[in-house]
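Here is the structure we will look at, set down as structure tokens.
The values are calculated or read from the model by the stated rules, or taken from the named source; none is laboratory data. Keep in mind that what you see is a predicted model, and the values were worked out from it rather than measured. Don't worry about glycine lacking a Cβ; one is built from the backbone with ideal geometry, like all the others, and counts go over all protein chains shown. For accessibility, only protein heavy atoms count, side chains too; no ligands or nucleic acids. Shrake-Rupley method; radii C 1.70, N 1.55, O 1.52, S 1.80 Å.
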Amino acid sequence: MCGIVGYVGHRDCLPILIEGIKRLEYRGYDSAGVAVEDGTGLKVVKAAGKIRSLEAKLQTGAPVGTFGIAHTRWATHGEPNDLNAHPHTDEKCTVALVHNGIIENYGTLKAALEAEGHVFKTQTDTEVLAHLIEKYLRKGLKLERAVGEALEDVEGTYGIAVMCESEPGTLVGARHGSPMVVGIADGEYYLASDVAAIVEHTRQVIYLDDGEMAVLSPNGFHTATVALERVEKEVHDVDWDLSQIEKGGYEHFMLKEIFEQPDAVRNAMRGRLNVEEGLARLGGLNMTPEQLREIRRIIILGCGTSWHAGLIGEYMLEEFARIPVEVEYASEFRYRNPIVDEGTLVLVISQSGETIDTLAAMREARRKGARALGIVNVVGSTIARESDGGVYIHAGPEIGVASTKAFTSQVTVLALLTLALGRHRGMSRDYGIEIAREMSQLPEKIERVLASNDLVRQMADLYTKHNNFIYLCRGFNFPVALEGALKLKEISYIHAEGYPAAEMKHGPIALIDENMPVVFICTKDSAYEKVVSNMMEVRARKGRIIAIATEGDTEAASRADHVLYVPPSIPMLQPILSVIPLQLLSYHVAVQRGCDVDQPRNLAKSVTVE
Ligand code: G6P
């Protein structure tokens, strides 16, 4: 949520900063800005709208300098306009600062600063930090000290990058609850809220932890706590490259990522699945077989699409590992007083590994004595680092705001975990082999689903004018109904609801008429007959039916207006296949409605504020 880039070195910084925030635009895209020291002072340029509006402004009189900061915003306090865009400054523009997060006590701080004569220009919480730092600089402190002092006054969350006029060449970054990495190159140093912004320039990074800051200059850098005690940080190697965050010939990242799913699922399983023995090996769990057998209860935490993956995990783990599972919205869990004990294993699912609610919920569960395992995509992210162990899904960078390949990879990892736990807890070798064999066939089956892309596009043409959709299913596929509806509303702004098919009669059936498209996931499993009956009930009320059915199923086809086929699999793995036509459907409907698929309005890829 919001993107930050900072650079100090010997090159003209503006192109580096602009390119960097473009790579972070998926994190927030309602306004953007830069600050550059051009030899005469700090020059700040800001614009509402996408980064291209900022670039248009920079066409004339762009500042030239070798250190600066930039930001792409997702508004929290203050509407997204030129003024409220970051960087923010003090009155005389001696300090410039970009910020992710929320300063919760900004009202009190602002009133105190106003009483001291500070004049504020914006409605943002961030501006108080610029004024506070300026206040400490005026007392004669160096930038590093002034930032440390200001942060001592602040309550809330932040990832910040700060520069000031009086110390040209010094850039200070700090973090508390909002990610911040330092990039290290030869005589050049970077700050970024996400590695994607700087991977083009360096793969050597340091991840700051909460309460830490980094001080960069062309001569080197050091890291310290905000109380200014030096800390030595490990330098990590980023193991992916630029090509993975480019569109590679696809019109949108979302489509590219949908088509990457055969490889993403393959990578999630690589080296972990033993088909001959019906086993899964997950080295990162950091748990002995004895500890795996002692788990009495599992709580799964996540938000959005990751929460939907967790629901499928619940069905799998209860049925095959025979462990009671609860799936919780991380945002609700953290504010209750949940019952968690040492027999509770907490699975924390997050693509980004930075979602603030998920992170806070994990911390709360660990505080209460639970062991937390992360199911995370972004290597080195906060959840990955703070959990007791876990499994990377290895889906590669996901840029499209609507999650696709991360979802199928998360479900794949949950299936591996089910197999691993199940085999320690009484699952037969034969059944283990069947699950493992079916899993190994998933990439090829996903390819088969993707081959229907043109058909989905043609079908989507017929549904672009509808403003409501219902998605229905039962069993393992029920969370897919939720996910299909979420995908459609996220990117095409069509109101869509997912329900268990049997619940239709308790309300949604009242909505059904000839204008209501109803998507049924009716693959051949134990719920099939019942779902087909529900289809008949919709048909009797003239609803328009789109069926996701198993290849060769002519009965479902005869009852639907349209049918999209997926290959058969065992029920627990079917969601990985049946979600794909729904991803494609929402993609094509959104494109045909002229929506901004990769950057839907009001959303952000990584939600790092509450
Ligand atoms: C945002 C994204 C969703 C994502 C959710 C959870 O809402 O737009 O696509 O599912 O956050 O994110 P996480 O990174 O924790 O999986």
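Give the carbon-plus-sulfur fraction of the accessible surface of the chain in %, rounded to a whole number; probe 1.4 Å, heavy atoms of protein chains only.
Working: 10570 of 22250 Å².
With neighbouring chains kept in place, the figure for the chain is 48 percent.
Solvent exposure of residue 516, expressed as accessible area, is near 10 Å², computed with a probe of 1.4 Å over the protein chains only.
Starting from region 436-514, pick out the trypsin sites (Lys or Arg not before Pro) whose DSSP state is loop and whose Cβ has at most 15 other Cβ atoms within 10 Å. Each step should come with its number before you reach the end.
On the way: sites: 437, 445, 448, 457, 465, 474, 487, 489, 505; in loops: 465, 474.
In loop regions of region 436-514 (DSSP not H, G, I, E or B), the sparsely surrounded trypsin sites (Lys or Arg not before Pro) are 465.
The order of 120, 469 by accessible area, most exposed first and with a 1.4 Å probe, is 120, 469. Here the calculated FRET efficiency for residue 506 and residue 539, from their Cβ-Cβ distance with R0 = 25 Å, stands at 0.85, rounded to the nearest 0.05. The modelled label-to-label distance between residue 385 and residue 425, using points 7 Å beyond Cα along the C-beta direction, is 3.2 nm. Normalising by residue count, the chain has a Cα convex hull of 153 Å³ per residue. Available extension along the chain between residue 235 and residue 10 is 78.8 nm, counting 0.36 nm per residue and deducting the alpha carbon span.
Does region 15-89 come out rounded, prolate or oblate by the C-alpha gyration tensor, with a ≥ b ≥ c the root eigenvalues, rounded set by a/c under 1.5 and, if not, prolate when a/b is larger than b/c and oblate if not?
In terms of gyration-tensor shape, prolate.
When peptides 223-231, 354-362 are ranked by their average number of other Cβ atoms within 10 Å per residue, the highest-first order is 354-362, 223-231. Shape class of region 274-413 from the alpha-carbon gyration tensor: rounded, with the ratio a/c of largest to smallest axis under 1.5. When the helices of the chain are scored as -39500 (n - 2.57) per DSSP H run of n ≥ 4 and the total is divided over every residue, the value at 222 nm lands at -10500 deg cm²/dmol. The stretch between residue 593 and residue 121, if pulled fully straight at 0.36 nm per residue, gains 166.1 nm over its current Cα-Cα span.
Once the 1.4 Å probe is applied to the protein heavy atoms, the chain comes out at 36 Å² accessible per residue. The figure for residue 461 is an accessible area of roughly 90 square angstrom, using a 1.4 Å probe on the protein chains alone.
Normalised by the number of residues in region 32-95, the mean separation of alpha-carbon contacts (under 8 Å, six or more apart) gives a relative contact order of 42 percent. Please compute the contact order of the chain in relative form: average sequence separation of alpha-carbon pairs under 8 Å and at least six residues apart, divided by the residue count, as a percent. The normalised contact order for the chain reaches 12 percent. For region 1-107, the list of trypsin sites (Lys or Arg not before Pro) that fall in a loop by DSSP and count at most 11 other C-beta atoms within 10 angstrom reads 92.
In what sequence, largest accessible area first, do 243, 578, 526 appear using a 1.4 Å probe?
Details: 243 75, 578 0, 526 120 Å².
The ranking, largest first, comes out as 526, 243, 578.
Which percent, to the nearest 5, of DSSP beta bridges fully inside the chain are antiparallel? DSSP beta bridges in the chain are roughly 60 percent antiparallel.
Taking label positions 7 Å along the Cα-Cβ direction at both residue 112 and residue 276, the computed distance is 6.8 nm, reported to one decimal. Summary of the geometry: region 73-91 and region 399-468, compared by the centres of their Cα atoms, lie 41 Å apart. Using equal-weight Cα scatterers in the Debye expression, the normalised intensity of region 420-520 in log10 at q = 0.16, 0.17, 0.21, 0.22 Å⁻¹ is -0.86, -0.91, -1.11, -1.16. Our note on the geometry: Cα centres of region 138-217 and region 29-71, 19 Å apart.
Mind running the shape call on region 95-221? Use the C-alpha gyration tensor, a ≥ b ≥ c as the square roots of the eigenvalues: rounded below 1.5 for a/c, prolate if a/b tops b/c, oblate otherwise. Can you show the working numbers first?
Working: a/c = 2.37, a/b = 1.63, b/c = 1.46.
Since a/c reaches 1.5 and a/b is larger than b/c, the shape of region 95-221 is classed as prolate.
Checked against a 21 Å cut-off, the cross-linked pairs 465/489; 487/530; 445/530; 405/445; 92/135; 22/50 give Cα-Cα distances beyond that limit for 487/530; 445/530.
Please give me, ordered by residue number, the trypsin sites (Lys or Arg not before Pro) of region 561-610 that lie in loop per DSSP and have at most 12 other Cβ atoms within 10 Å.
Numbers: sites: 593, 601, 605; in loops: 593, 601, 605.
For trypsin sites (Lys or Arg not before Pro) across region 561-610 that sit outside H, G, I, E and B with at most 12 neighbouring Cβ atoms in 10 Å, the list reads 601.
Modelled spin labels at residue 60 and residue 461, positioned 7 Å past Cα toward Cβ, are 4.6 nm from each other.
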